[in-house]
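To keep things clear, I will list the structure first and then write my remarks on it.
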Amino acid sequence: MDLSRHFHVSETLMLSLLEQWNKKGRVQKIDTSGMCGSGCGSCDEAEESKIYYRWKPVAEKPIFTSAK
């Protein structure tokens, strides 16, 4: 995974961090496997799942909560 190599952490840790950001609404998980829609299975894309993450400029949920 590119992000784990960039930040010098394990893929497991990076996926855990991305899942946390996804729950907070800061990243969007995009699964591009089978995007062509034909379903024929003749291309290399059909064999392997490709997942990308996109940073959102505005969070869907507040990142910090006020402790009262």
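Derivation of every value follows stated rules applied to the coordinates shown; laboratory data play no part. Note that the structure is predicted; figures quoted are calculated from it, not measured.
For Val27, nonlocal amide neighbours, meaning residues 5 or more places apart or on other chains whose placed amide H falls under 5 Å from its own, are Asn22, Lys56.
Here the Karplus relation 6.51 cos²θ - 1.76 cosθ + 1.60, evaluated at θ = phi - 60°, turns the backbone of the stretch 5-13 into coupling constants of 5, 4, 8, 6, 10, 5, 5, 4, 5 Hz, with x for every Gly and Pro.
Counted residue by residue at 0.36 nm each, then reduced by the alpha carbon distance between them, the extension gain from Ser10 to Arg54 reaches 13.9 nm.
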